[in-house]
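The values are calculated or read from the model by the stated rules, or taken from the named source; none is laboratory data. In this text the structure is predicted, and so the values were computed from the model without any measurement. Here the Cβ positions follow ideal geometry from the backbone for every residue, glycine too, while neighbour counts run over all protein chains shown. Remember, those area values only see protein heavy atoms, side chains included, never the ligands or the DNA or RNA. Shrake-Rupley method; radii C 1.70, N 1.55, O 1.52, S 1.80 Å.
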Amino acid sequence: MSDKQVTRAAARSEATTTTDPEPTPSTSGDDTTPGRAPDDHGPHGSNGDDRAVDLAMPHLGQIEQAFVERWHENATGCFSSGHKFCREVCPVTQVTRNENHTPTAFHANVIGLEKGHLSVEDVADDYVHCTQCGGCEVRCPNTLMVGDFYRARTETVKVVRAMRAMLVDKGLDREKWKVWNRLTDELKNEPVLGVEGEQPNGQAQVRDWAAGLDIPIGGDTIMFVDCEAAYYRTSVPRATAQILRKAGVEFGLMNEQWCCGGPAAEMGYVEQSMRFARHNVDDWRRSGVKRIIAIEPHDYVHFTEDYPAYFGDEFDFEVVQIIDLVAELIRDGRLELVKPIERVATYHDPCRLNKRKGIHEAPREILRAIPGLEFRDVDRVTQWSYCSGGGGGLPIEKPEITAEISRRRLEKASELDVDLLVSACVWSERPLTAAGDEAGIEVRDIIELVAESAGIEVGGRTRA
């Protein structure tokens, strides 16, 4: 352990012994349970939140004080429990084995700041090391043991996002994130094809994936196509659109689709995220949209959590996750899967579906409906520790960690003696595909499999 790590560990240890006893778990509930709007917008993570405590911290600036006041109780509840089970489900910690990258450290740092043992500058890089998968939250004893009764949940994802927002406000954001979000702001879509040179991933190309499909603009229901799907894995939106059409689901596309704004929020660029969200909501209003089909898990999280937090009651749209919808279409007989797929497969739960939103059964229902497919499952709790490393901006700033997380995920899949790993998240599928190439296991999106079994010639591409 380096001298810097020893110093931080000692500071956290001292902070732990000087805090108040463990507080009574929150009974407010509504904004601490999965699927509710987050309150992490701004450095303190609150929109008038009345749970902030009054602490005397003259050594901190106003931004840091607001952050500590908002997250003091949550942080104290974390490490005062004495449990550190979260470490072994944290995909980053499993790779780096660095105390500073653990969920408990993210919380302990809050108290370290309060007591003057740490500065924001000391821990700025540590908070890059998080995919925001939520595994630590579902594994936390505070969530497992009191969550059902008190409707409480240890909120690590929100703490990370609030810290990153504070880093942006203080000019301490990471260089690669600066470039990524600057280009996103200029292009109105993420530069998923690369940040060097002229890449065809701006507004002029946002609907190129739909060539030949004659999809209308606007209408009661629209399909929102994630940036990664629109420009990189175009087979996924093409498969989705043709599945919906075959099942008789009427839908259109946005008039002017910008990025959902979620990745910017995850990296701390909240103001940019809100501007993009405002544009998209206004576009939906002008087109008469009432329902949004989210074909990617990250978008689904942002539409069901961030957008309601930004706009309150103004956000009255129905948001449907494509996996839930396709499972329903198969169940109701509106979509028939007739072509056998003779493969041996396992399923990778995207973190934002399984751990963040509790969507676990629907993809398994779909896979079991595909004729000829031998499905070898992994139980839900074991999947808590599985991740692709593709979320939270990690592959932009720390691509080597993302690659190792995916390599380990394919190693687990290899133990099941399968030739196919199926997922439902295009952001996961890029690093998983690279790891699958090395492991000799093909990686495909579940929607691509459904389209094939339904006899659809999809077109598009699975990589750039």
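Key figures
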read-out: Lys355 - accessible surface, heavy atoms, 1.4 Å probe, Å² rounded to 10; value: 10 Å²
read-out: Sparsely packed GluC sites (Glu not before Pro) within region 124-231, loop by DSSP, other Cβ within 10 Å at most 13; value: Glu196, Glu198
read-out: Over region 164-214: Kirkwood hydrodynamic radius from C-alpha pairwise inverse distances, Å; value: 12.6 Å
read-out: Rg/Rh ratio calculated on Cα atoms of region 136-294 (Kirkwood radius); value: 1.05
read-out: Whole-percent carbon and sulfur share, accessible surface of region 264-391, 1.4 Å; value: 46 percent
read-out: Phe85 accessible area, assembled protein chains, probe 1.4 Å, Å²; value: 90 Å²
read-out: Helix-only mean residue ellipticity at 222 nm for the chain, each DSSP H run of n ≥ 4 adding -39500 (n - 2.57), per residue, nearest 500; value: -13500 deg cm²/dmol
read-out: Of the GluC sites (Glu not before Pro) in region 285-359, those whose Cβ has at most 11 other Cβ within 10 Å and which sit in DSSP loop; value: Glu342
read-out: Mean shadow area of region 243-344 over all directions, Cα convex hull, nm²; value: 8.4 nm²
read-out: Calculated SAXS-style log₁₀ I(q)/I(0) at q = 0.24, 0.26 Å⁻¹ - region 140-224, Debye, Cα scatterers; value: -1.12, -1.22
read-out: Rounded to 5, the percent of DSSP beta bridges in the chain classed as antiparallel; value: 0 percent
read-out: Dipole magnitude of region 65-119 about its Cα centre (Cβ charges: Lys, Arg +1; Asp, Glu -1), debye to nearest 20; value: 140 debye
read-out: Translational diffusion of the chain, µm² s⁻¹ [Kirkwood Rh, Cα pairs; Stokes-Einstein; 20 °C; 1.002 mPa s]; value: 94 µm²/s
read-out: Accessible surface, the chain, averaged per residue in Å² (probe 1.4 Å); value: 39 Å²
read-out: Alpha-carbon centroid distance for the pair region 385-464 / region 344-380, whole angstrom; value: 14 Å
read-out: Cα-Cα separations in region 345-390 greater than 17 Å, expressed as whole percent; value: 31 percent
read-out: Hydrodynamic radius (Kirkwood) for region 56-163, which is based on Cα pairs only, to one decimal in Å; value: 14.1 Å
read-out: Spread of Cα-to-Cα distances over 10 Å intervals beginning at zero, given as percent, for region 289-429; value: 11, 36, 34, 16, 3
read-out: Cα radius of gyration and Dmax for region 394-464 (Å); value: 12.9, 40
read-out: Normalised convex hull volume, region 321-366, alpha-carbon set, Å³ per residue; value: 74 Å³
read-out: Unpartnered cysteines - no second Cys beta carbon under 4.7 Å - across the chain; value: Cys78, Cys90, Cys130, Cys140, Cys227, Cys259, Cys260, Cys387, Cys425
read-out: Centroid-to-centroid separation of region 81-116 and region 182-244 [C-alpha atoms, Å]; value: 37 Å
read-out: Cα-based Rg of region 177-270 normalised by 2.2 N^0.38 Å, two decimals; value: 1.13
